[in-house]
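For reference, the structure is listed below as structure tokens.
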Amino acid sequence: MSRKTKKPKARGGHLKAVPSAPKMPLQLVLNHRVVDSLTPEFVHWYERFSDAEDALRCLQIVKLFITASHAISEESSATRFDPDSLDDAALALADMLGESDSDEALVEIFVYLHLYVDFLFETGRWSGTEEDYFVLQMLLTEEAAGEMDLPGDIPELSDEEQDRAFKELPVLQLTGRLLEWLGAGKDVTSTGVLRLKDIEGAAGTVGVKARGKRTGKRSLLEGEGDAEGQPGSFEVGSMHEVPVLSDIWAALVGTRVLSLGSTRAVPGAGAESWHSKDLDSRFQIRREFLAVLLASAVMESGSMWEEGPRENETLARVLLKGTLGEPVSVDEINRAAEIDSADEVLLAFEAMRARRELTRLADLGLVNVDTHYTVSPVVIQCVIPALALVHAMEGNFEPGPVHAG
């Protein structure tokens, strides 16, 4: 999954009673020492999420998880986890900790393991296969979602139906064109975005008429066009200003279909799965991609009232209810976007942003809009993992009623 930008918030101290470890087999001792040896670099890496104390806590949980895994199979590793034994080891760890709220404890265990596995993969220490990594990454997200007790109604689609539905999704069609255009790779700036000279070509693959600025002037919409640009095209100072392109690019990087180097963007570890002839591998990477895309839509950038990304709860609940038999009506969101009093300003703005995002997601084929908002059948399976990813970043999602006027 995509790299997280915020550490999971405290969940009531569900994992505070961490016991001391008994005498251990040699293999387990050596694995614990491997984890200990990673501590300085891991703490530094973890600074993007939280402080050193929480990083050490994460490693402590990892060591206990390795202990639980060893107790079950008499084998263990500090640099790879077996997806098949994930559930049993996590449940054993929760029992070992003796927490009263086992569901909350499991969520915290899965989130910490997700972070540790991401660290291993990003730093080249993951000793399992790339397939195991991607399977484990999705399982950890899905398990966290399951322990959150979120409702869901995932339709059963045959492989043929699912393959056809993925191929027909506009967002995946656009992504395929972008990947074809990228080919073996393109030059990027020091911030990991396409250079201005390549923006026009990349934007064209996703149906946007934009080009990099040729001067230092401020970006202007050019509805009349000009001699050099396409009719209706506009200039941008960065790839981030190009709608659709920036979203797809970020999701490709988040699922490692695209790898960013210091000067070039090239096919990443997930590219093989994206183009694989094996249906399971191809479906898995597309689910991850759509989950990251949806999670990014739900996570808002900071507003004038708040700093940093935050969850748009209205959008999250519309997506969640869009997977069920009680979708939210368009009229309900329109009413929620009306400002009737000063007390409702923030909720109204959130509803406005949710409405804007839902329109964008509809253009990408992820959401259907008629009188109600529903999620496209093949995308339904991606909603719960997406909200679990949001939960990992935000740590405070709880299902509830949609804000309405």
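Each value in this text was obtained by applying a stated rule to the coordinates, not by laboratory testing. Keep in mind that this is a model prediction, so the values were computed, not measured.
Put simply, the amide H of Gly212, placed in the peptide plane, has neighbours under 5 Å in Ile199, Glu200, Val236, leaving out anything fewer than 5 places away on its chain. For Val188, the residues 5 or more places off, or on other chains, whose built amide H falls under 5 Å of its own are Arg264, Ala265. The phi torsions of segment 275-285, fed into the Karplus equation with coefficients 6.51, -1.76 and 1.60 and a -60° offset, translate into couplings of 9, 5, 7, 6, 4, 4, 5, 5, 5, 4, 5 Hz, rounded to whole numbers, with Gly and Pro shown as x. Converting phi to 3J(HN,Hα) with the Karplus coefficients 6.51, -1.76 and 1.60 and the offset θ = phi - 60°, segment 60-75 yields 5, 5, 4, 5, 5, 5, 4, 4, 5, 4, 5, 5, 7, 10, 6, 9 Hz in sequence order, with x at every glycine or proline.
Going by a ≥ b ≥ c, the root eigenvalues of the Cα gyration tensor, does segment 346-394 fall in the rounded group (a/c under 1.5), the prolate group (a/b larger than b/c) or the oblate group? Cα axes put segment 346-394 in the oblate bin.
Summarising the amide proton neighbourhood of Trp126: residues at separation of 5 or more, or on other chains, whose placed amide H is nearer than 5 Å comprise Phe121. Quick check on my link table: of Lys63/Lys277; Lys186/Lys277; Lys186/Lys209, which ones sit more than 29 Å apart, alpha carbon to alpha carbon? Where the Cα-Cα span goes over 29 Å, the pairs concerned are Lys63/Lys277.
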